[in-house]
Amino acid sequence: MDENIELAVKRLKDLEKRSYNNNTFEFGGFLSPAEFDAFRKVSPAGEAFGGYAQAERRMLRFGDPEELGYDVPFPIDCIKVSSASGKFSAPLSHRDFLGALMSLGVERRVFGDIVVRNGIAYIFCENRMSPFILENLVSVGRNQVHVEISDFPEEEYEAGRQQMAIQVSSPRADAVIAHVCKLSRGNVTPYFTGKLVQLNGRILERPDKLLTEGDIFSVRGFGKYAVGESTGVSKKGKTNILIYKYV
């Protein structure tokens with residue numbers, strides 16, 4: 001196991017133990033899919049949330065509201081970043097916003113997903129870091145930006161999907177991914193062995209995993225997809241499936 005992932009798992013186990021011993025809520029920082037997957041292999045404890053339903057980077061909350069008799073929400077803010085002039089001089093990507101945050105010295109585990117939609121970025125972060133980001137994130141690349149706490153337009157995010165209909169011999173993960181990413185079955189294998197495929201927020205290493213309606217998967221370098229309904233079987237015996245790509 002990678003040393004950083006091992007340390008993350010140890011930190012989470014300590015929080016789990018503290019929550020149990022002290023009857024308190026304890027929160028871990030935002031976890032990468034690899035860290036989340038590694039922790040889940042040793043413990044089922046903790047509720048996961050990343051600020052919106054389809055978040056890849058998620059925080060774990062230890063402590064059960066029913067057992068403790070009270071509730072504490074996840075300490076997550078959504079920060080909206082837009083051009084100060086109303087329009088960016090050039091299209092900005094996820095990497096541009098990530099780089100701007102890292103250049104401020106913000107640790108990666110205190111902020112989660114960065115969702116870029118229509119030239120606006122939504123950054124999910126621990127609320128204790130919000131004042132710092134609001135005060136210090138003044139530019140992204142050469143663009144001056146305006147930052148504010150905002151609700152996340154999840155309906156707009158869900159609407160921003162491209163539908164495609166595919167035919168596969170089986171709804172196996174490797175078959176579906178090969179089709180949507182326009183790769184051969186053989187060329188798909190390294191993405192699984194290299195831990196570059198995620199299914200429902202966890203790393204997927206089994207190419208023979210059967211995908212079902214509602215599954216969310218992503219492939220590094222190719223984006224995120226949702227599995228829709230099966231629309232029947234073709235005359236040649238192939239399964240018709242609707243796939244939605246997030247854009």
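A crude spin-label estimate for the pair SER184 and MET102, with each label 7 Å from Cα along the Cβ direction, gives 3.4 nm. Taking GLU135, GLU66, GLU213 in turn, the Gaussian network model of the chain (Cα-Cα springs below 10 Å) assigns the largest fluctuation to GLU66. Residues of segment 207-235 falling in the label zone of GLN162, defined by backbone nitrogen less than 15 Å from a point 7 Å along Cα to beta-carbon, are 219, 221-226. A straight chain from SER230 to LYS245 at 0.36 nm per residue would run longer than the Cα-Cα distance by 3.8 nm. Dividing the convex hull volume of the alpha carbon atoms of segment 50-93 by its residue count gives 105 Å³ per residue.
Just rank LYS236, LYS224, fewest to most, by other beta-carbon atoms within 10 angstrom.
On the way: LYS236 7, LYS224 16.
Taking fewest neighbouring Cβ atoms as first place, the list is LYS236, LYS224.
Within the listed set LYS235, LYS13, LYS87, the Gaussian network model of the chain (springs between alpha-carbon atoms below 10 Å) gives the highest mean-square fluctuation for LYS235.
Regarding segment 160-246, what whole-number volume in Å³ per residue does the convex hull of its Cα atoms give?
Numbers: hull volume 7.5 nm³, N = 87.
Here the figure is 86 Å³ per residue.
Taking neighbour counts of Cβ atoms within 10 Å as a proxy for exposure, in what order, fewest first, do TYR246, TYR20, TYR225, TYR70 appear? Kindly include the intermediate steps, with their values, before the conclusion.
Details: TYR246 17, TYR20 14, TYR225 23, TYR70 8.
Going from least to most buried by this count: TYR70, TYR20, TYR246, TYR225.
Sorted from longest to shortest, the spans of the Cα atoms of segment 98-214 along the three principal axes equal 53, 29, 27 Å. List residues of segment 187-216, by number, whose backbone nitrogen lies under 18 Å from a label position 7 Å along Cα→C-beta of ASP2. From segment 187-216, the list is 190-206. Once the chain from GLU66 to THR193 is taken as fully extended at 0.36 nm per residue, the excess over their C-alpha distance is 41.7 nm.
Any idea what diffusion coefficient the chain gets from Stokes-Einstein, in µm²/s, Kirkwood Rh on alpha carbon pairs, 10 °C, 1.306 mPa s? For the chosen part, D equals 80 µm²/s. Along its three principal directions, the equivalent ellipsoid of segment 3-68 from the Cα gyration tensor extends over semi-axes of 19, 15, 9 Å, largest first.
Considering only PHE222, PHE39, PHE62, the mean-square fluctuation computed in a Gaussian network model of the chain, springs between alpha carbons under 10 angstrom, is largest for PHE222.
Once the Cβ-Cβ distance between VAL42 and PHE132 is put in as r, and R0 is 35 Å, what FRET efficiency do you end up with, to the nearest 0.05?
Numbers: r = 33 Å, r/R0 = 0.94.
Between VAL42 and PHE132 the formula returns 0.60.
Of ILE243, ILE166, the sequence from fewest to most neighbouring Cβ atoms within 10 angstrom is ILE166, ILE243.
Each Lys or Arg adds one and each Asp or Glu subtracts one; over the other residues with Cβ under 13 Å from the Cβ of ASP2, this totals -2. Listed by chain and number, the lysines whose C-alpha is less than 23 Å from the C-alpha of LYS10, apart from same-chain residues fewer than 8 away, are LYS41, LYS195.
For a quick check of your reading of the filter: which trypsin sites (Lys or Arg not before Pro) in segment 146-215 sit in a DSSP loop and have no more than 12 other Cβ atoms within 10 Å? When the trypsin sites (Lys or Arg not before Pro) of segment 146-215 are filtered for loop state and at most 12 Cβ neighbours within 10 Å, LYS182 remain.
None of the figures in this text is laboratory data; all of them are computed from the coordinates on show. Being a predicted model, the structure only gives us computed values, none of them experimental. Backbone-built Cβ (ideal geometry, glycine too); neighbour counts: all protein chains shown.
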